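Every read-out reported here was derived from the displayed coordinates using simple, explicitly stated rules and does not represent laboratory data. All of these numbers come straight from a predicted model, not from anything done at the bench.
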Amino acid sequence: MSQILDSVYGRLTEYFGTGLPSVNATDVIEILLIAVFLYELLIWIKNTRAWMLFRGLIVIVVFFILAAILQMNTILWLGERLVNASVIALVVVFQPELRRALETLGRNDFRRVLDAFRITRADPKRFDDKMVSDLTKACFSMGAVKTGALIVIEGDMRLTEYIRTGIDLDALVTSQLLINIFEKNTPLHDGAVIIRGNRIVAATCYLPLSENMEFSKDLGTRHRAGIGMSELCDGLVIIVSEETGAVSTAREGELRRNLTPEQLTEELVRIQILQETPESGKDKDRPDPTPADSPSAGQTASERRAFADSAQLTRPIDLAKAAGGDTSRMKPVKSRRKEAGHGK
């Protein structure tokens with residue numbers, strides 16, 4: 001055994017000259033950073049369509065390695081000429097993924113560092129408690145009658161480029177207005193509503209679809225658009241399913257499905273506080289995110305969410321009444337047709 005170790009040490013000494021190189025703390029940190037970077041890079045590639053392209057590149061690299069082993073000089077000559085052009089081609093092909101990665105890096109890292117140096121804000125909330133209550137009532141009223149909806153609540157990142165794809169509204173958020181916008185066969189029901197502060201900025205907005213392959217294939221276009229939007233911004237996206245009436249939220253690329261009115265209110269409260277650092281919505285029982293210097297400091301999470309009680313209604317007809325909607329919509333389709341003279 002000692003002879004084997006001596007042989008290995010001799011080979012290393014012969015290769016490095018005077019023996020093994022010295023390793024200090026900086027080298028260890030550098031190795032760890034490179035390992036983390038490569039790991040995150042592979043995870044990012046795997047979760048997007050870039051994974052298929054990456055596998056294709058691996059096949060090409062293996063092909064050229066075999067060409068080098070078999071001394072196929074013509075193929076190697078062509079490969080050398082294509083290397084320079086391939087770098088530009090990769091940037092063009094992966095442009096959406098590279099843009100998304102840079103936006104995520106800037107949003108999740110540098111913005112948080114800058115937030116640490118901010119002293120105070122004039123208003124510690126993005127929107128008031130009434131809007132939280134109206135949003136909750138509207139979403140579950142629409143869910144009760146299976147009216148699909150897609151609502152984006154803007155965070156620190158401005159969504160101007162997506163607002164331009166829709167129709168400007170600039171209207172105060174109310175449950176009645178939201179229900180009317182997403183009512184079927186109305187001019188504004190198709191697309192997403194974007195909310196900034198307490199106002200609806202635009203409707204019928206087009207959102208990018210998520211390219212994450214890990215989500216269930218059962219998700220429709222509305223859910224994939226909500227997830228895709230949450231991957232590109234720091235806001236909250238609310239999705240109401242037209243098939244099941246279930247209410248879901250998407251934030252930072254993560255989807256929470258089948259929420260109750262209280263859970264939706266909690267999600268809205270989390271994004272309501274400006275000083276809060278965006279975190280994943282997985283753990284609904286985490287501590288209250290209210291900062292110590294906020295006007296709401298000293299209150300418990302349950303006290304701050306007391307207004308959610310008005311949204312915790314058990315019957316669909318109660319939800320519609322609370323939202324100020326027409327309760328006649330709660331009747332079965334056959335009954336409504338019969339009353340209108342279309343049924344037997």
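Sequence-ordered 3J(HN,Hα) estimates for segment 255-261 from the Karplus curve with 6.51, -1.76 and 1.60 and θ = phi - 60° stand at 10, 10, 10, 6, 7, 8, x Hz, glycine and proline given as x. Remark: segment 157-171, residue by residue, has Karplus-estimated 3J(HN,Hα) of 7, 6, 10, 4, 5, 8, 5, 5, 7, x, 10, 5, 10, 6, 10 Hz, where x stands for each Gly or Pro and the curve is 6.51 cos²θ - 1.76 cosθ + 1.60 at θ = phi - 60°. The three principal axes of the Cα atoms in segment 176-278 give end-to-end lengths of 39, 34, 25 Å, sorted in falling order.
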